[in-house]
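Inspection log for the structure reproduced underneath, given as structure tokens.
Read-outs throughout are calculated quantities, based only on the coordinates presented, and are distinct from any laboratory measurement. Here the structure is a predicted model, which is why all the values come from computation and not from measurement. Quick reminder, even Gly has a Cβ in these numbers, built from the backbone with ideal geometry, and neighbours come from all protein chains shown.
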Amino acid sequence: MKILIIGNRGQLGSELTRVLADGRGELGAVPGAYRGADVTGADLGELDITDFGAARAFIAAGKFELIVNCAAMTNVDACESEYEAAMKINALGPRNVAAAAQEAGSALVHISTDYVFDGRGTRPYAEWDVPAPVSVYGKSKLLGERYVRENCPASFIIRTAWLYGQNGSNFVKTILKAGEEKDVITVVDDQRGNPTNAADLAHHILKAGATREYGIYHCTGDGECSWYDFAKEIIRLSGAACEVRPCAAKDYPRPAPRPAYSAMDNLMLRATVGDEMRPWQEALAAFMGTYAR
Ligand SMILES: NC(=O)c1ccc[n+]([C@@H]2O[C@H](COP(=O)([O-])OP(=O)(O)OC[C@H]3O[C@@H](n4cnc5c(N)ncnc54)[C@H](OP(=O)(O)O)[C@@H]3O)[C@@H](O)[C@H]2O)c1
């Protein structure tokens, strides 16, 4: 089995690489088809997905059974001002990968986001809910989803949210650092979503990718919270003597608007390969144990 991980040095790509190399993660063994898989990683240095010709040549030469596209422009605020770059990396890039995957006969897993929703919901979004992104990042990711589905029917769109892993910067690391340096931190309490452990997501990417049950999937940690709740739990688990205070999003203005409510329901996972995502507090505690070491 030959697998290509695009964006392999990013937060999710590196967890996926590790889980495949170990043959298992905390949620269990990788599917049998992937044990001993021949894994190729490609990040910006090896393959720029915005270059259609390069994507076609790389994917045709590799003869991969499965491609996982973790590459993206993930700086939500930068996407507002650099909207052409966002469009190229998050929409055209996935289109290029999807068209090349289709031509080469490879199945494709493409990663998307909760920010495709507008956040006016009052219960977790299901896969059939209609996206209406409010930011350039969300719009570019939604177009990427559509291009993937149009260009490669043998594809999985896996939407995730509030991701944290060992590699790269994320909210957990930011709060841990702030907790060491400050007596008080203030965190937004009126935006809700699902914290998601990247290694747990990697497990489910492989579970779905081993099937032919193509479609849109939501895959996030079990349970929802606000950024404030998330920060409080991080500080509690770290043991730092730092007080966490709630604030409103309007008191913490940022270039990109964020959905007020973007929790998602892993309905499609439950209906197909099974949803083993842990309660977010449990997954966070597992991450912190490993990260501290
Ligand atoms: N992080 C989150 O909270 C979150 C939430 C929901 C969904 N997601 C989605 O989950 C996926 C993985 O996110 P992540 O946090 O792992 O992202 P990440 O850490 O930012 O990694 C993305 C990787 O893609 C690479 N890349 C950027 N432009 C590229 C290009 N043109 N060609 C090839 N590679 C390129 C980046 O390289 P450079 O670093 O050199 O630019 C980086 O290594 C993305 O699709 C993201 O939209 C993330």
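Across the chain, the mean sequence separation of Cα contacts (distance under 8 Å, 6 or more residues apart), normalised by length, yields a relative contact order of 21 percent. Residues 73, 288 in ascending order of nearby Cβ atoms (within 10 Å, fewest first): 288, 73. Net length available on complete extension from residue 190 to residue 150 is 10.8 nm, with 0.36 nm assigned per residue and the Cα-Cα distance removed. Report, in degrees rounded to the nearest 10, the 0 to 90 angle that the Cα long axis of helix 93-104 makes with the longest principal axis of the chain. Value to nearest ten degrees: 30. Among the listed pairs 177/207; 2/232; 141/250; 2/88; 207/250; 139/182, which have their C-alpha atoms separated by more than 30 angstrom in this model? From the list (177/207; 2/232; 141/250; 2/88; 207/250; 139/182), the Cα-Cα distance tops 30 Å for 177/207; 2/232; 207/250; 139/182. Taking every DSSP bridge with both residues inside region 73-227, close to 15 percent are antiparallel. Ranked by how many other Cβ atoms sit within 10 Å of their own Cβ, fewest first, the residues 82, 15 fall in the order 82, 15. This model, with +1 at the C-beta of Lys and Arg and -1 at the C-beta of Asp and Glu, gives region 125-179 a dipole about its Cα centre of some 260 debye. Simple rule: put +1 on each Lys or Arg Cβ and -1 on each Asp or Glu Cβ in the chain, find the dipole, and look at 101, 13, 23; the Cα lying farthest toward the positive end is 101. Secondary structure note: in the chain, about 10% of the DSSP beta bridges are antiparallel.
Proximity of backbone amide H atoms, modeled 1.01 Å from N, is registered between residue 113 and 160 at under 5 Å, excluding neighbours fewer than 5 places apart on the same chain. Sites listed here are trypsin sites (Lys or Arg not before Pro) in region 27-73 whose DSSP assignment is loop and whose Cβ has at most 15 other Cβ atoms within 10 Å: 35, 63.
Using alpha carbons only, how many degrees (0 to 90, rounded to 10) separate the axis of helix 280-292 from the longest principal axis of the chain? So the inclination is approximately 90 degrees. Relative protection proxy for 114-122, 232-240, 86-94, from highest mean packing down: 86-94, 114-122, 232-240 (other beta-carbon atoms within 10 angstrom). Among 160, 174, the order by Cβ neighbours within 10 angstrom, fewest to most, reads 174, 160. Projecting the Cα atoms of 197, 57, 253 onto the dipole axis of the chain, where Lys and Arg carry +1 and Asp and Glu carry -1 at the beta carbon, places 57 farthest toward the positive end.
For region 158-276, give the magnitude of the charge dipole about the Cα centre (Cβ charges: +1 Lys/Arg, -1 Asp/Glu; no others), in debye to the nearest 20.
Charge dipole of region 158-276: 340 debye, to the nearest 20.
This model, with +1 at the C-beta of Lys and Arg and -1 at the C-beta of Asp and Glu, gives region 1-154 a dipole about its Cα centre of some 340 debye. Region 38-144: Rg/Rh from Cα coordinates, Kirkwood Rh? Ratio of gyration radius to Kirkwood radius: 1.02. Once the Cα atoms are used to define both axes, helix 11-22 deviates from the longest principal axis of the chain by about 60 degrees.
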